[in-house]
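Structure record follows, encoded as structure tokens.
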Amino acid sequence: MHITLRHLRIFEAVARLGSISRAAAELHLTQPAVSMQMKQLEEQIGLPLVEQIGRRICLTEAGRMLHVHACDIADRMAHLNASMEQFRGLERGLLRLAVVSTANYFLPALIAEFNALHPGVRISLQVGNREFVLSALAESRTDLAITGQPPDGVDLVAQNFKANPLVVIASPRHALAGRASVSMARLAEEVLVMREPGSGTRAAAERHFAALGLAMRAGCEFGTNEAIKQAVRAGLGVAVVSAQTIELELKTNCLAVLPVEGFPIMRQWYVVHRTQHRLSAAAATFRNMLLALDPAGTPGTAQKRSTKARAAL
């Protein structure tokens, strides 16, 4: 079989995204080019690898097996590239980051600081929810991940670098906004505007309610923090969000933080990488920059603790 790395790269994108058009967009190729490469790959293997079910492309049994090997080869190539970048230092290279969407409120400033110090390093930033970020780690599509909840299992190292308090927000016109204190039982009577399943913030809120034996009155679900804030401002309910996402709204009195008992929920931001993944010079330098932040998230020298986290990915 004459299978090239280009074949495998295109196949992996099609398998992961379930779409020729989305794979073409991600790889900056035309749809006919992706279709042609997929056809060539099937001809080389002599078996159908994908099948069309509705609008989505699904893998055949042979395709699923090839996908396992394609991910393994991609992982080995990433290791090879990281090894070679050790020799190049920080004059060039690629830093791949996968971050949960809430981190997008503070991370761009840190990326800009890193870019000013190392302008030759290209930076690729992927943003999604916690499940997306952990998937990117598992499939070696990122060097470092930023998440608010360290995963469980083996094969990952997670190091905390910044506080991430969760608070309850409401419209300033909400009946609870003027109270000196709000009990959790009273909060449980309110409709909560929620992030989508897979969000770390949502999971933390669900655990907090469950620990007190309280049920959540889930209302609308939204996939972004901005949509959550707009829904709360419009009076659709209250929400649990990271305090770092509402700094502007508090200054302009567009939102209010409710004084709920047991809040804020104190969490941490973690930088995560795979234990077996050799970090490039760029990735190691960016990680060390994060670990040197003081508790407020600005450059400092505070010592950080490191924990081995586990992930069955």
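The values are calculated or read from the model by the stated rules, or taken from the named source; none is laboratory data. Keep in mind that this is a model prediction, so the values were computed, not measured. Cβ sites come from the backbone with ideal geometry, for glycine too, and all protein chains shown count toward neighbours.
For the stretch 54-67, the count of residues that are without any contact (Cβ under 8 Å) to a residue 40 or more places away in the chain and either assigned by TED's automatic domain parsing to the domain that holds Ala158 or surrounded by 16 or more Cβ atoms within 10 Å (Cβ to Cβ) (or both) is zero. In the stretch 118-133, of all residues being more than 8 Å from the chain's Cα centre (by Cα) and of a type in the set (A, V, I, L, M), the one that is surrounded by the most Cβ atoms within 10 Å (Cβ to Cβ) corresponds to Val121. Only residues that are among the hydrophobic types (A, V, I, L, M, F, W, C), farther than 23 Å from Asn225 by Cβ and either touching a residue at least 24 places away in the same chain (Cβ under 8 Å) or surrounded by 16 or more Cβ atoms within 10 Å (Cβ to Cβ) (or both) were counted across the stretch 136-183, and they come to 5.
Cys254 passes every criterion in (1) surrounded by fewer than 20 Cβ atoms within 10 Å (Cβ to Cβ); (2) over 30 Å from Thr285 (Cβ atoms); (3) touching a strand residue (DSSP E or B) at 6+ places or on another chain (Cβ under 7 Å); (4) not basic (Lys, Arg) apart from (3). Residues that are modelled with pLDDT of 90 or more and exposed (fewer than 14 other Cβ atoms within 10 Å of the Cβ) are absent from the stretch 191-206.
Residue pairs whose Cβ atoms lie under 9 Å apart, sitting 6 or more positions apart in sequence or on different chains, and linking a residue in the stretch 245-269 that is closer than 18 Å to Arg173 by Cβ to a partner that is surrounded by 16 or more Cβ atoms within 10 Å (Cβ to Cβ) and of a type in the set (Lys, Arg), are Ile246/Lys229; Glu249/Lys229; Glu249/Arg233; Cys254/Lys229; Cys254/Arg233; Leu255/Lys229; Leu255/Arg233. Would it be correct to say that Arg76 is surrounded by 14 or more Cβ atoms within 10 Å (Cβ to Cβ) and closer than 22 Å to Leu134 by Cα? Against the criterion (surrounded by 14 or more Cβ atoms within 10 Å (Cβ to Cβ) and closer than 22 Å to Leu134 by Cα), Arg76 does not qualify.
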